[in-house]
Amino acid sequence: MLIKAPLFLIALLVVSVIQSQQPDPYKPDFSSPRQIPGMQLTWNDEFNKNGRPDSSNWKYENGFVRNQELQWYQPENAYCKNGLLVIEGRKEKRPNPNYRDSTNNWKQNRPNIEYTSSSLKTQGLREFQFGRSSLHAGSRWPGKNDQRRRTEDW
C-alpha cells in the first residue's frame, strides 16, 4: 500500500504537468506561421481585428446550403474576437423566409429554421493553383468539458 500511494501521486503530477503544457484553445497564438522547407507563405489570416472577418478574404454562405443539413447559415454567427475566429452554432427557432407549402425542395419545405451557424469561404477571393493549406483551430462543444485543438494540412 505504501508503494501504491507515491506511484499514484507521481502519476497525478505527470498528468497535471502535461495538461499545463497543452495549448489553450481560447488563447490566440500570435506567433508567425510555421515555415515549411521548400514552400513560401503566400497568404494567411490571423483574425486579429475584432468584428466581422475581413470581407476581402471571406464570403458567407447563406440559408440552407447542402446535404439537407439542419442549420441555416448566416453571417451573424461568425465574428472575430481577441484574435480568434468565433463561429457559433445556435438553437433558435425562426420562420424560414424561403418556405413554400407545396414543394419537395428541402430548402423550401421547412416552415422553420431550428438551428443557425455560419460558413465562410474564400471562393472567388483567394484561390491557388498549387500549394498546401494549413488550418489551426480549437473548438469547444456545448454541454461537454471537451476542448480540442487541431492542425490540419491539405
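The values are calculated or read from the model by the stated rules, or taken from the named source; none is laboratory data. Every value quoted in this text rests on a predicted model; they were computed, and no experiment measured them. For neighbour counting, all protein chains shown are included, and Cβ atoms are generated from backbone atoms with ideal geometry for every residue, glycine included.
Output the number of residues of the range 52-96 satisfying the condition of being among the small types (Gly, Ala, Ser) and more than 16 Å from the chain's Cα centre (by Cα). Going through the range 52-96 one residue at a time, the tally reaches 3. Scanning the range 38-95 for residues that are among the charged types (D, E, K, R) and assigned to a strand (DSSP E or B) returns Lys59, Lys81, Arg90, Lys91, Glu92, Lys93, Arg94. Annotation note: of Glu88, Glu76, Glu46, Glu69, the sole residue that is charged (D, E, K, R), modelled with pLDDT under 90 and surrounded by 11 or more Cβ atoms within 10 Å (Cβ to Cβ) is Glu46.
Taking the residues in the range 102-118 that are surrounded by fewer than 16 Cβ atoms within 10 Å (Cβ to Cβ) and within 26 Å of the chain's Cα centre (by Cα) as candidates, determine which candidate is nearest to Lys91 (Cα to Cα). It comes out as Tyr115.
For every residue, the table says whether it meets (1) at pLDDT 95 or above; (2) more than 20 Å from Ser55 (Cα to Cα); (3) in contact with a Ser or Thr (Cβ under 8 Å, 6 or more places away or on another chain); (4) among the aliphatic types (A, V, I, L, M).
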residue	(1), (2), (3), (4)
Asn98	yes, yes, no, no
Ser102	no, yes, no, no
Gln108	yes, yes, no, no
Gln129	no, yes, no, no
Asn145	no, yes, no, no
Glu152	no, yes, yes, no
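Going through (1) without any contact (Cβ under 8 Å) to a residue 40 or more places away in the chain; (2) surrounded by fewer than 13 Cβ atoms within 10 Å (Cβ to Cβ); (3) not small (Gly, Ala, Ser) one by one, Arg52 falls short only on (2). Do we find that Trp141 is among the aromatic types (Phe, Trp, Tyr) and modelled with pLDDT under 75 in this structure? When the stated conditions are applied, Trp141 passes them.
Would it be correct to say that Tyr73 is touching a Gly at 6+ places or on another chain (Cβ under 7 Å) and touching a residue at least 24 places away in the same chain (Cβ under 8 Å)? It is true that Tyr73 is touching a Gly at 6+ places or on another chain (Cβ under 7 Å) and touching a residue at least 24 places away in the same chain (Cβ under 8 Å).
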